[in-house]
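The values are calculated or read from the model by the stated rules, or taken from the named source; none is laboratory data. Quick caveat: nothing in here was measured; it's all calculated off a predicted structure. Glycine also receives a Cβ, built like all others from the backbone with ideal geometry; neighbour counts cover every protein chain displayed.
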Amino acid sequence: MPETPDHPDQATQLVERIAADLASIRWASPTEIRNRARRRARRQAASGALALMVVVAAASAVGSVVRPDRTPSPVAATPVPTTPDTVPPVPPEGAPAQPVPSPRSSVWPDPTVQGAAPTTPFARTTVSTVPTAIPVDALLQPGDLGADLLLGATETTDFAPVRPIADSLVSCPDYATLDRYDGVAVAFRRHALLRDPADGDPVLRQEVGRFPGGAAGRIVDDVDRAVAVCARYRSPGPTYERRLLDGWGEHAWSRVDRGFAGDQSMLLRHEIARQGSPGSVVYLVAVIRVGDLVTVVTSADLTGERAREMAATAAARLCRTANPGC
């Protein structure tokens, strides 16, 4: 039968029914759609965290099975937060959606952001700034004496036994009986100032040692006591094939001054008279402590006043590297 306005065909009736049904459907707003998506994402994140905990627990259980010939190692597991507190709250209806921060972004900086830094505090390694080595300029230099001198060979060592003026007192019978510092020097340097490289007798010798703790003060006290007990003694001369070469030597030690430079200081006079040699040789020996450094300056060319000036200059040079400085 032909189609008329009063007799619509079946297709037209179907279209009208579908239109009526669609009109009765309530569509969710864009905000509701976003909220549903966030809830779904949180459920998936919680499920993934739970699965990770199961895997970690299973791995720990497997690792706890110890072979008889193995010793188990402790395994520290880091808990994975799964509480709702770690999930950002849902914004109210109509509010713009906020981005959900990733676990990585809460610990590590974003490599695309210049100057970004981690927000999690890390353990820091403290590097000691206390000086150890003794630089060459911590010792007297040729210009300090105001003469045309040359710097001789330098000797350095670390963590070695160092006994100031011990070489000069080793032949004193009572020196070995003293209770002296028996440790080591953390660092040590020695050199000489010469007029001529071919000259075997330098104008000045100096040695500096750095000592741990309060040992530096103890060493100066040891020198003071050694000079007191070794005020005068006789030493045998060197021998060669059981023959005496230079004969015995008569030694006399005395303290000339003290407390004139650095934290501790003393000026000593060491006179040596050799058998068969006319006259005697007199050395002035300055012992100075600045902080953890002890220096000994020895010269046969300096008078008492000039030796004090050199000792003050030596103390000023030690200030630059002593601990504590001055």
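Scanning segment 189-214 for residues that are touching a residue at least 60 places away in the same chain (Cβ under 8 Å) and outside any loop (DSSP other than H, G, I, E, B) yields a count of 7. Of all residues in segment 182-200, those that are farther than 20 Å from GLY152 by Cβ and at pLDDT 90 or above total 3. Please name all residue pairs, on different chains or six or more residues apart, with Cβ atoms under 8 Å, provided the first residue is in segment 269-295 and is under 13 Å from SER254 (Cβ atoms) and assigned by TED's automatic domain parsing to the domain that holds VAL186 and the second residue is hydrophobic (A, V, I, L, M, F, W, C) and not in a strand (DSSP E or B). Every condition considered, the pairs that remain are VAL282/ALA300; TYR283/ALA300; LEU284/ALA300; LEU284/LEU302; LEU284/ALA307; VAL285/ILE165. THR313 fulfils the conditions (1) surrounded by 14 or more Cβ atoms within 10 Å (Cβ to Cβ); (2) over 24 Å from PRO212 (Cα atoms); (3) in contact (Cβ under 8 Å) with a residue 24 or more places away in the chain except for a single criterion, (2). Scanning segment 299-313 for residues being out of contact with any helix residue (DSSP H, G or I) (no Cβ under 8 Å at 6 or more places or on another chain) and either of a type in the set (A, V, I, L, M) or within 23 Å of GLY183 (Cα to Cα) (or both) gives a total of 4. When segment 145-162 is limited to residues that are touching a residue at least 40 places away in the same chain (Cβ under 8 Å) and in a loop (DSSP other than H, G, I, E, B), the one that is surrounded by the fewest Cβ atoms within 10 Å (Cβ to Cβ) turns out to be ASP148.
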